[in-house]
Amino acid sequence: MRGVGKTTVGTLLAHRMGIEFIDLDALVLSRLGATSVRAVFEHSAERGWRAAEASALTAFMTDCRGSPATARILAVGGGAPSDAGCFELLQNAKADGWRIVQITADPSVLAARLHANMGDRAALTNLGLLEELTRLTAERQLFYDELSGEKVDGSADPASVVESILRFAAR
């Protein structure tokens, strides 16, 4: 979910592991020649964003097949797994041995973080922020659970989340 710390944790984890961190949102923006997620949503709506997200994820996965020995960390946007094309790509990656970690946090924690720093995130409903996050979490949980091999509580400080993920990676 947005606000759970995917970019912060992914960046720290990649640094600790000495590998590349990639944020799918940044790949999408680059491919679209856009500078703002919010602007893409305003121009193309969520449907346009999801199509661009699936295209960027497809390109990333294709690139990874060309260099399978290169380890990378990819932060996937919270809505990507609910898109059929992205879900299938992520299922295939999991079947190919990719480690998928779900970072979780209660919607109230996410709302507090986002109230402090909404950043470039677009609203997806007309609901209030907490209500939207609660609804989206419930709607997306099945997808997240199907894809992830491990879960870690993202309510903790980012360094603790990184340590938890490193413990998973050591298994």
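Given the options Leu29, Leu13, name the one that is in a helix (DSSP H, G or I) and under 17 Å from Arg2 (Cβ atoms).
Leu29
Name every residue in the range 46-94 that is of a type in the set (A, V, I, L, M, F, W, C), surrounded by 14 or more Cβ atoms within 10 Å (Cβ to Cβ) and farther than 22 Å from Ala14 by Cβ, in order of residue number.
Scanning the range 46-94 gives Trp49, Ala51, Ala52, Ala54, Phe87.
For the range 128-151, which positions are buried (at least 16 other Cβ atoms within 10 Å of the Cβ) and either in a helix (DSSP H, G or I) or touching a residue at least 60 places away in the same chain (Cβ under 8 Å) (or both)?
To start, the set of residues in the range 128-151 that are buried (at least 16 other Cβ atoms within 10 Å of the Cβ) comprises 129, 132-134, 136-137, 140, 143-144, 147-148.
Hits for the range 128-151 are Leu129, Glu132, Leu133, Thr134, Leu136, Thr137, Arg140, Phe143, Tyr144, Leu147.
Table: residues versus (1) farther than 26 Å from Leu166 by Cβ; (2) not hydroxyl-bearing (Ser, Thr, Tyr).
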{"position": "Ala51", "(1), (2)": "yes, yes"}
{"position": "Ala59", "(1), (2)": "yes, yes"}
{"position": "Thr62", "(1), (2)": "yes, no"}
{"position": "Arg72", "(1), (2)": "no, yes"}
{"position": "Ala84", "(1), (2)": "yes, yes"}
{"position": "Leu89", "(1), (2)": "no, yes"}
{"position": "Asn92", "(1), (2)": "no, yes"}
{"position": "Trp98", "(1), (2)": "no, yes"}
{"position": "Thr104", "(1), (2)": "no, no"}
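Filter the range 88-122 for residues that are modelled with pLDDT of 90 or more, in a helix (DSSP H, G or I) and farther than 17 Å from Thr137 by Cβ and give the result.
Glu88, Leu89, Leu90, Gln91, Asn92, Ala93, Lys94, Ala95, listed by residue number.
With the requirement that a residue be touching a residue at least 60 places away in the same chain (Cβ under 8 Å) and out of contact with any Ser or Thr (no Cβ under 6 Å at 6 or more places or on another chain), what does the range 102-127 give you?
Result: Ile103, Thr104, Leu110, Ala111, Arg113, Leu114, Arg121, Ala122, Leu124.
Take the conditions in a helix (DSSP H, G or I) and modelled with pLDDT of 95 or more and apply them to Ala56. Does it pass? Lay out the reasoning, then the answer.
On the way: in a helix (DSSP H, G or I): yes; modelled with pLDDT of 95 or more: yes.
Yes.
The values are calculated or read from the model by the stated rules, or taken from the named source; none is laboratory data. Since this is a predicted model, take the numbers as computed values, not measurements. A quick note on method: Cβ atoms are made from the backbone with ideal geometry, for glycine too, and the neighbour counts reach across all protein chains shown.
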